[in-house]
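Chemist: Sharing a structure here in structure tokens format.
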Amino acid sequence: MIQLSRFPIRTLKDAPKISDNKSTSYLLQAWYIRQEMAWVYNYLPLWLKVLKNIEQIVREEMNSIWAQELLLSSLWNKESWEKTGRWDTVDVLFKLEGSGNKEYALNPTHEEVVTPLMWEFIQSYKDLDSMAVYQFQTKFRNEARAKSWILRGREFIMKDLYSFHKNLEDLDIYFEEVRKAYVRVFDRLWIWQDTLYAFASGWAFSKYSYEFQTKLEIGEDNIYVCSDCWQAHNDEIVWEKFECVNCKSPKYEIIKTSEVGNIFKLWTKFSTAFGLNYLDEKNAKNEVVMWCYGIGISRLMWVIAEYMMDEKWLVWPESIAPASHYIIVIWEENLAKAIELAKDLEKSGKEVIIDDRFKTNFGQKAADADILWIPNRIIISPKTLELGWCELKWRLEQEGKIIKM
Ligand SMILES: [Zn+2]
């Protein structure tokens, strides 16, 4: 439980104006984030709770498809990046000089780390029945001009999963498992109904990659949706004229979206660079086939905030709200009772914030409960407590009700 008396909470009376990105204004107003330099934000306790709640949903779904969580290094050596030819071709690679004139990269992606790591564990076809690893990791991009902290930040948090396969048939089976897991993640985060599965450029790896794009008025992407079969296409693959990759129709509509997930076919690019091979049933040497699957966790948080907010407040899906209950205690002598109630709620898996700032007036506490947007608000006052009751109000309802404690 969080007791607000133990942390200096400072909500702002008004939301500061930050371009057309209203959710960032609300997040600043509501003590979720603070900006310390251009496009760099610190996560305050409640924003961290949202992050951890999203991570947990993603973790549960990745574990359900037999992927193993690990944590790879942020810092990596120049030699590995040179092996794949990307030291000079990735223009946003953050390069650092260490002692002894040694050069390093702050990783924007982790193929150069995970491929040589798996070399030790993949020897034979028997090791490749289901081999996938993932992590939640901070990534870095040395952007010349950071566009916004979410859309094109220099530092962001990703879930990246890498899968390793004997051949394309095995890979296709696992790909389908991951795609379904992604749908479950976005469904649990309340955005699936407005999320499109789009074809995008495969860049250096293959003809297409795949993206999950959530409809958003201020989204950075234009998605072309086929009017006949509803297949979505990122504008990177729509050249002079539109032709649906699925049904060849020339008819489309354009929808503004923001990307929340992507899937790249890496084929054998990294296996070749690092000699990641396996011996098949006939003892012949083969290259391992790899795919990578990303979810931009910090970007996803912002997309959810922007997608769910209304004209006044942030609105959280209950599955990721920083707490489920906000308990306002009016008199100090009732604090023990509030803590008791919070412990009971926590036993049933709820997360609780207790507003025990006794030098703050009730109006301010009630306003903060609104601004932070915690789904349930409980008011404990001596009057109702005497009768063994408290007032509970669900955020989406106008009126509160009196319930037994
Ligand atoms: Zn079509």
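The values are calculated or read from the model by the stated rules, or taken from the named source; none is laboratory data. Everything numeric here is computed off the predicted structure, so don't read it as measured data. Here Cβ is always computed from backbone atoms with ideal geometry, including for glycine, and neighbour counts include all displayed protein chains. Just the protein is used for accessible areas: all its heavy atoms, side chains included, with ligands, DNA and RNA removed. Shrake-Rupley method; radii C 1.70, N 1.55, O 1.52, S 1.80 Å.
Chemist: Take D221, D88 and sort them by solvent-accessible surface of the protein heavy atoms, 1.4 Å probe, largest at the top. Could you put the intermediate results ahead of the total?
Modeler: Values: D221 30, D88 130 Å².
In descending accessible area the options line up as D88, D221.
Chemist: While we're looking at this one, here's another question. Tell me, in nm to one decimal, what length is gained between L48 and K102 on full extension, where the rule is 0.36 nm per residue of separation less the Cα-Cα distance? Each step should come with its number before you reach the end.
Modeler: Numbers: separation 54, 0.36 × 54 = 19.44 nm, distance 3.47 nm.
Additional length available on full extension: 16.0 nm.
Chemist: In the stretch 123-240, how does Rg compare with the Kirkwood Rh, expressed as the Rg/Rh ratio over alpha carbon atoms? Could the numbers behind the result be given before it?
Modeler: Values: Rg = 16.7 Å, Rh = 16.8 Å.
Ratio of gyration radius to Kirkwood radius: 0.99.
Chemist: Distance between the C-alpha centers of the stretch 360-405 and the stretch 174-195? Whole Å please.
Modeler: 35
Chemist: Then there is this: Using a cut-off of 11 Å between beta-carbons, work out the net charge of the residues near E351 (Lys and Arg +1, Asp and Glu -1, E351 not included). The partial results should precede the final answer.
Modeler: Numbers: positive: K49, K52, K350; negative: E318, E346.
After counting each charged neighbour, the total is +1.
Chemist: Now for a different question. Between the stretch 199-264 and the stretch 303-341, what is the C-alpha centre distance in whole Å?
Modeler: Taking the Cα centre of each part, the stretch 199-264 and the stretch 303-341 sit 37 Å apart.
Chemist: How do T272, T24 stack up against each other in accessible area, from largest to smallest, with a 1.4 angstrom probe? Mind showing how you got there, number by number?
Modeler: Working: T272 80, T24 0 Å².
Sorted by accessible area, descending: T272, T24.
Chemist: Another one. Per Stokes-Einstein, at 4 °C and 1.567 mPa s, what whole-number D in µm² s⁻¹ belongs to the stretch 44-115, with the Kirkwood radius over Cα pairs as the hydrodynamic radius?
Modeler: Details: Rh = 14.6 Å.
Rounded, D is 89 µm²/s.
Chemist: In terms of Cα to Cα distance under 17 Å, which lysines are near enough to K83, apart from those fewer than 8 places away along the same chain?
Modeler: K95, K102, K269
Chemist: Out of all DSSP beta bridges with both ends in the stretch 34-308, state the antiparallel percent to the nearest 5. Write out the running numbers ahead of the final one.
Modeler: Values: 59 of 64 bridges.
Once the DSSP bridges in the stretch 34-308 are tallied, antiparallel ones form about 90 percent.
Chemist: Under a 1.4 angstrom probe, counting protein chains only, how are K312, K13, K285, K166 ranked by accessible area, largest first? Present the calculation step by step, with values, prior to reporting the outcome.
Modeler: On the way: K312 120, K13 180, K285 155, K166 40 Å².
Ranking K312, K13, K285, K166 by accessible area, largest first, yields K13, K285, K312, K166.
Chemist: Once the Cα gyration tensor of the stretch 248-302 is diagonalised, what are the square roots of 5 times its eigenvalues, in whole Å and ordered largest first, as equivalent ellipsoid semi-axes? Don't skip to the answer; put the middle values down first.
Modeler: On the way: eigenvalues 264, 66, 14 Å².
With the √(5λ) rule applied to the stretch 248-302, the semi-axes are 36, 18, 8 Å.
Chemist: So for the chain, what are the equivalent ellipsoid semi-axes in whole Å, largest first, each being the square root of 5 times an eigenvalue of the Cα gyration tensor? If you can, show how the numbers build up before the last one.
Modeler: Values: eigenvalues 387, 117, 96 Å².
Its equivalent ellipsoid spans semi-axes of 44, 24, 22 Å.
Chemist: On to the next question. Estimate the FRET efficiency between F7 and R179 by the formula 1/(1 + (r/R0)^6), using the beta-carbon distance for r and 60 Å for R0, to the nearest 0.05.
Modeler: Values: r = 41 Å, r/R0 = 0.68.
FRET efficiency, F7 to R179: 0.90.
Chemist: Suppose every Lys and Arg Cβ carries +1 and every Asp and Glu Cβ carries -1, with no other charges. What dipole size does the stretch 34-308 come out with about its Cα centre, to the nearest 20 debye? Please list the in-between numbers first.
Modeler: Working: 33 positive and 41 negative charges, 94 e Å.
It works out to roughly 460 debye.
Chemist: With an 8 Å cut-off on Cα pairs and a minimum separation of 6 or more residues, tell me the relative contact order of the chain in percent.
Modeler: Numbers: 775 pairs, mean separation 65.8, N = 405.
Rounded, it is 16 percent for the chain.
Chemist: For M405, enumerate residues with amide H under 5 Å from its amide H, sequence gap 5+ or separate chain, H modeled in the peptide plane.
Modeler: Correct list: W389, C390.
Chemist: Place a point 7 Å from the Cα of Q364 along the Cα-to-Cβ direction; which residues of the stretch 305-330 have their backbone N under 18 Å from it?
Modeler: Under cut-off, by backbone N: 327-330.
Chemist: Set the Förster radius R0 to 25 Å, insert the Cβ-Cβ distance between E399 and D344 as r into 1/(1 + (r/R0)^6), and round the FRET efficiency to 0.05. Don't skip to the end; give the middle numbers.
Modeler: Working: r = 24 Å, r/R0 = 0.96.
With a Förster radius of 25 Å, E is 0.55.
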